[in-house]
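This report concerns only the one structure given below.
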Amino acid sequence: MTRIKDLPDIIPVFPLPGALLLPRARLPLHLFEPRYLAMLDDALKTPSRLIGMVQPCDASGNKFGLQHIGCAGRVTQFSETEDGRYMITLAGVSRFEVRDEVEGFTPYRRCEVSWDNYSPDLDGTERDVSFDRSSFLDLLDRYFDAMDLSADWDTLKDAEDELLINSLSMLLEFDPEDKQALLEAKSLTQRRETLVTLIEYALRGGATEGILQ
């Protein structure tokens with residue numbers, strides 16, 4: 001079991017708008033820029049094999065141009081394509097707080113991070129004790145129908161609370177600000193409530209921008 005003291009203080013970060021990684025979830029990525037190929041090569045040389053996913057932020061007063069909270073994932077799979085690109089999978093480990101950016105000679109960005117506020121991310125699968133799955137799936141059915149999306153409903157019905165809520169949070173199309181709100185949710189219950197708010201708002205025909213500010 002991973003412990004906070006086992007996690008490094010400095011990690012490479014991959015700023016990617018709209019990309020969301022959550023603890024114990026898996027995120028496939030396609031790497032092709034030379035700087036991110038170098039990042040992968042260096043990450044694979046470390047014991048933790050961690051890469052931090054964090055969204056860019058252009059808000060005034062933001063020192064680093066990054067959201068202050070991200071999520072780190074361990075590289076668990078990678079394969080090279082014929083043209084030298086890489087397909088990788090990150091397995092979410094823990095969220096982190098960006099403390100400072102580390103200057104250096106790497107072509108990619110690195111940050112000093114703190115894991116202290118996110119020790120529950122390392123505790124194992126989280127439950128949503130107040131989850132009304134039937135009502136949630138009814139809402140999801142209406143959303144998928146409105147967005148002309150298909151789903152494996154048997155899999156959705158049988159999925160554990162955390163897998164269902166986190167997978168939908170990562171996969172559904174929301175604005176980057178709303179993805180960040182899903183990331184920063186204090187609990188699985190709060191993430192599910194945020195997800196429901198976003199889905200209901202989309203069904204009412206409104207853009208999601210700004211509704212969680």
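The values are calculated or read from the model by the stated rules, or taken from the named source; none is laboratory data. Predicted model, so just to flag it, every value in this text is computed and none were measured. Methodologically, a virtual Cβ is constructed for each residue, glycine included, from the backbone with ideal geometry; neighbour enumeration extends over all protein chains shown.
Only a single criterion out of (1) over 20 Å from Ser114 (Cα atoms); (2) in a strand (DSSP E or B) is not satisfied by Ala59, namely (2). Just to be sure I understand the filter: pairs with C-beta atoms under 8 Å, separated by 6 or more residues or on different chains, first member in the range 101-129 and closer than 19 Å to Ile51 by Cβ and free of Cβ contacts under 8 Å to residues at least 24 places away in the same chain, second member of a type outside the set (A, V, I, L, M, F, W, C) and buried (at least 17 other Cβ atoms within 10 Å of the Cβ). Which pairs pass? The qualifying pairs are Gly104/Arg110. Applying the criterion of being in a strand (DSSP E or B) and in contact with a helix residue (DSSP H, G or I) (Cβ under 8 Å, 6 or more places away or on another chain) to the residues of the range 22-45, the residue that is farthest from Leu168 (Cα to Cα) is Leu31.
Would you check if Thr2 is of a type in the set (Val, Ile, Thr), surrounded by fewer than 18 Cβ atoms within 10 Å (Cβ to Cβ) and part of a loop (DSSP other than H, G, I, E, B)? It would help to see each step written out before you state the result.
Numbers: of a type in the set (Val, Ile, Thr): yes; surrounded by fewer than 18 Cβ atoms within 10 Å (Cβ to Cβ): yes; part of a loop (DSSP other than H, G, I, E, B): yes.
In short, yes.
Quick check on Asp148: is it modelled with pLDDT under 95, buried (at least 20 other Cβ atoms within 10 Å of the Cβ), part of a loop (DSSP other than H, G, I, E, B) and acidic (Asp, Glu)?
Details: modelled with pLDDT under 95: yes; buried (at least 20 other Cβ atoms within 10 Å of the Cβ): no; part of a loop (DSSP other than H, G, I, E, B): yes; acidic (Asp, Glu): yes.
So Asp148 fails the test.
Which one is modelled with the highest pLDDT among residues in the range 121-145 that are aliphatic (A, V, I, L, M) and over 21 Å from Asp178 (Cα atoms)? Full working, then the answer.
Initially, the range 121-145 is screened for residues aliphatic (A, V, I, L, M), giving 122, 129, 137, 139-140.
Narrowing further to those that are over 21 Å from Asp178 (Cα atoms): 122, 129.
Working: Leu122: 93, Val129: 90.
Filtering the range 121-145 for residues that are aliphatic (A, V, I, L, M) and over 21 Å from Asp178 (Cα atoms), the one modelled with the highest pLDDT comes out as Leu122.
Only one of the numbered conditions (1) within 21 Å of the chain's Cα centre (by Cα); (2) within 18 Å of Ala25 (Cβ to Cβ); (3) free of Cβ contacts under 8 Å to residues at least 12 places away in the same chain is violated by Glu193, and that is (2).
I want to confirm something. Restricting to the range 110-120 and keeping residues that are in a strand (DSSP E or B) and touching a Phe, Trp or Tyr at 6+ places or on another chain (Cβ under 8 Å), which single residue is surrounded by the most Cβ atoms within 10 Å (Cβ to Cβ)? Ranking the qualifying residues of the range 110-120, first place goes to Val113. Just wondering, is there one or more residues in the range 197-213 that are outside the structural domain of Cys71 (by TED's automatic domain parsing), crowded, with 18+ Cβ neighbours inside 10 Å, in contact with a Ser or Thr (Cβ under 6 Å, 6 or more places away or on another chain) and without any contact (Cβ under 8 Å) to a residue 60 or more places away in the chain? The answer is yes, given that some residue of the range 197-213 is outside the structural domain of Cys71 (by TED's automatic domain parsing), crowded, with 18+ Cβ neighbours inside 10 Å, in contact with a Ser or Thr (Cβ under 6 Å, 6 or more places away or on another chain) and without any contact (Cβ under 8 Å) to a residue 60 or more places away in the chain.
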